[in-house]
1. Of 17/111; 26/80; 26/95; 80/196; 26/194; 26/110, which sit over 21 Å apart, Cα to Cα?
2. Using 12 Å as the cut-off for backbone N distance, which residues of the stretch 110-150 belong to the label zone defined by a point 7 Å from the Cα of residue 194 along Cα→Cβ?
3. Below 14 angstrom from the Cβ of residue 97, what's the summed charge of the other residues (Lys, Arg +1; Asp, Glu -1)?
4. Over the stretch 62-155, what relative contact order in percent results from Cα pairs under 8 Å that are six or more residues apart?
5. Can you give the three extents of the C-alpha atoms in the stretch 11-169 along their principal axes, from longest to shortest, in whole Å?
6. Just how much of residue 197 is accessible, in Å², when a 1.4 Å probe is used and the result is rounded to the nearest 10?
Amino acid sequence: MNYLREYGPQLINNGYKIVPIRRGTKAPIGVKGWSTLNADLNQLGQWASAGFEGVGVLARDNPGVDIDVLDAEVSQSMVKFVCDQFPGGLIRIGKAPKTLLVYSTATPFKKIRSATYEDRFGDIHAVEILGDGQQFIVFAEHPDTHQPYRWPGTDISIVERANLPLLTCADARAIVAHFESLASDKVETEGWQKIKDGTSAPDDSGKLKPPPLQNVDMNNLRPPLNVTSSQIQHDLKS
């Protein structure tokens, strides 16, 4: 089945910015400048003629909450949290129990990713909010399962982009923070290990927002050049 031909026109008409996906991949391989495309029906026809079969949606205006978690309990807990706190997102499943939820945003933001954890079985778990500069597949065959991506609820192709619920950068950070809390419990109870730090979206100045300081003992931070606090106070008074 050519998903690009089947669903591409309706997605464009409903306001989504789409990209073509090569069969057996998760990316618009060979498409220059894909992250800023605003394809029309003519471009869609060219892609189909070039052999593209799958369809992706740019995450700049449609952030995707990518629950990249193979632990069924944690994945289900995350889906419930997101649906409860930010209702109305469209649910897409590729390789279950991994799940992605689709939203809209009025203010685009860069991706936000949790720390990455590995469990005792070697499975890797993380949550990423896909944003400006990224895309996610909406219709294609998953390269691992060789089965179509599924929409267990409402199919994205029949929903206008303007009708999707909004997700802000602050919302995205809250979702990642909730996963970090669940992962911390797994570290304590089931031997999960953090193998990579997370990343956050830049703040309004364009700089990467640093993670908040937590449980930092300031008494352990030594002044430069090994100068003690008493020496500094003495020099200031002299």
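The values are calculated or read from the model by the stated rules, or taken from the named source; none is laboratory data. Worth saying up front: this structure is predicted, and the values here are computed from it rather than measured. Because the Cβ atoms are built from the backbone with ideal geometry, glycine has one as well, and the counts that use them run over all protein chains shown. These area figures cover heavy atoms from the full protein model, side chains too; ligands, DNA and RNA do not enter into them. Shrake-Rupley method; radii C 1.70, N 1.55, O 1.52, S 1.80 Å.
1. Values: 17/111 17 Å; 26/80 26 Å; 26/95 12 Å; 80/196 25 Å; 26/194 26 Å; 26/110 19 Å.
Over 21 Å Cα-Cα: 26/80; 80/196; 26/194.
2. 114-118
3. Working: positive: 80, 92, 95, 98, 150; negative: 66, 68, 71, 73, 119, 123, 144.
Value of the local net charge: -2.
4. Numbers: 163 pairs, mean separation 33.4, N = 94.
After rounding, I find 36 percent.
5. Each principal axis gives a Cα extent; for the stretch 11-169 these are 47, 32, 27 Å.
6. 110 Å²
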